[in-house]
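Contents: one structure, followed by commentary.
Every number here is computed from the coordinates shown, using simple stated rules; none is lab data. Keep in mind that what you see is a predicted model, and the values were worked out from it rather than measured. Neighbour counts are summed over all protein chains in view; Cβ atoms, including those assigned to glycine, are modelled from backbone coordinates with ideal geometry.
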Amino acid sequence: MTPESHSLTGTDDPRSGPPPGCPAHGLGPGGLRRLYGPDAEDLDELYEELRDEHGPVAPVLLHDDVPMWVVLGHAENLHMLRSPSQFCRDSRIWTPLLEGMVKPDHPLMPHIAWEPICSYAEGDEHLRLRGAVTGAMSTIDHRGIRRYINRSTQRLVNEFCEQGRADLVGQFAEHLPMAVMCEILGMPDEYNDRMVQATRDMLRGTETAIASHAYVMGALQRLTERRRAEPAADFASQLMSHPARLTDDEVTKHLWVVLMAAYEATANLIANVLRMVLTDPRFRAQLKGGQMTVPEAVEQSLWDEPPFSTVFAYYAKQDTELGGRRIRKGDGLLFGIAPGNVDPRVRPDLAANMQGNRSHLAFGGGPHECPGQDIARGIADVGVDALLMRLPDVRLDCAEEDLTWRQSISSRHLVELPVRFEPKPQQDVTMKPSLGQVPPPRPAWQVSTAARPQPTPQPAPPAPQPVAPSEPPRRPSAWRRFVRWWRGY
């Protein structure tokens, strides 16, 4: 990338400003747009305005008017992610932090503060820590986890299926990822409403976030102590036994990173996919007509509504250029996932179907690409599929325009997703798979926003005539056995 050069003292410096009296002074220092406050309530719209004004890389202001670049272009984001010689995740080189502009109580400090974990490390230290995480990930039994996702889905649906109504965010999307991640990490007994509430409270940054953080860290520290004394076949034990020889503190911190990233990303992904299936006519028609699978709907959602809008942050290790802008050593850059996914240079028609295209930015790229993306996809794929099979007549229980989101710079979280359906009986989630006769196929999904008409009662058929004993039922075909295995039955 070699665009025309710019002077280090030119207008590309986000800290430089227009002359006094310019109307741009009303926006913020230097006439820059703020990514917080009343003018940033719709960040998607703001990103498009910034793209029109500045191109693929735009100067902005964070809380307390701290200067930052936001990367809006798809290609520019990928270049930043894949150029570790130019950009890193180590905030200790960030100029505003070194100059005292970023106070210890800055609202975004949890995203900015450096920690000795693989997400921020470089070079040999990054290889050591990242190698331990990916090594532990490689030992996960994906077939067994799919079965566990299915059983966890059935348990959650059992809690509201007889009521005929539910909130699929608070009662499903926010619980399923936590249940599965606690199982993967090795602490299934720690999964409960308190763990979910503490995690959500911590991610929202409320007044009780510090206490909630202590609760979650306490559970992870207990897990580390147990597995150091009694190893088992779980992620925590594999992390400890890796040749990288992580300390207990490193193990606990990486368990926290994996849990937080996987939980928030997957909870948002499930909620977004369910909302899309329930409200978007394209998906209703294609899902019912068999032209789109749930994994394809998940992938489309990763393009249109990525679980994380931006990631804090990357920092320039040297003077360089990106998107035609002069970037100085020590400048900070936001990894713009949401704006990069709608870059008109790669998506001139946002209504176009993105089936089969995985070049979105939802899971990052380069040395820090998300190592658990297959787990996130699996939880969403199996969980949404199993829920729709249990509730084939599920429909939205409010007007689509009444849905609300809780938005921040880093993510956009659906608050509620109220639905209705005909009450269903609970299912036994403890029954093990058998080689008995495969039950009749379930009815096709009827995902809609209106109730399905009830069939006209038919007269009872005549009593069957006695017939000769039939042959014993045949063993299910290989295809039926595969379908049952795939769905975790």
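Cross-link partners among aspartates and glutamates for Lys329, C-alpha distance below 14 Å, same-chain residues fewer than 8 apart left out? Answer for Lys329, where 14 Å is the Cα cut-off: Asp12, Asp13, Asp90, Glu99, Asp319, Glu321, listed by chain and number. Highest mean packing comes first when the peptides 104-110, 228-234 are listed by Cβ atoms within 10 Å, giving 104-110, 228-234. Judged by the mean number of other Cβ atoms found within 10 Å, the most tightly packed of the peptides 375-386, 77-88, 299-310 leads the ranking 375-386, 299-310, 77-88.
With a ≥ b ≥ c taken as the square roots of the eigenvalues of the C-alpha gyration tensor of the range 353-410, please select rounded if a/c is under 1.5 and otherwise prolate if a/b is larger than b/c or oblate if it is not?
Verdict is oblate for the range 353-410.
Assign one of three labels to the range 176-227, namely rounded, prolate or oblate, based on the Cα gyration tensor with a ≥ b ≥ c the square roots of its eigenvalues; rounded applies when a/c is under 1.5, prolate when it is not and a/b is larger than b/c, and oblate otherwise. Since a/c reaches 1.5 but b/c is at least a/b, the shape of the range 176-227 is classed as oblate.
Between the range 83-124 and the range 236-287, the C-alpha centres lie 23 angstrom from each other. In order along the range 80-92, the Karplus-derived 3J(HN,Hα) couplings, from 6.51 cos²θ - 1.76 cosθ + 1.60 at θ = phi - 60°, round to 5, 5, 9, 10, x, 6, 10, 10, 9, 9, 8, 5, 5 Hz, and Gly and Pro are given as x.
Net charge around Phe160, counting only other residues with Cβ within less than 12 Å of its Cβ (Lys, Arg = +1; Asp, Glu = -1)? Result for the local shell: +2.
Peptide packing for 255-264, 399-408 was compared via the average number of neighbouring C-beta atoms within 10 Å per residue; ordered from the highest value, the list is 255-264, 399-408.
Using a cut-off of 15 Å between alpha-carbon atoms, which aspartates and glutamates can reach Lys103, once sequence neighbours fewer than 8 places away in the same chain are excluded? Partners within reach: Asp64, Asp65. Near the amide H of Ala166, within less than 5 Å, lie the amide hydrogens of Val419, all on another chain or at least 5 residues away, with H placed in the peptide plane.
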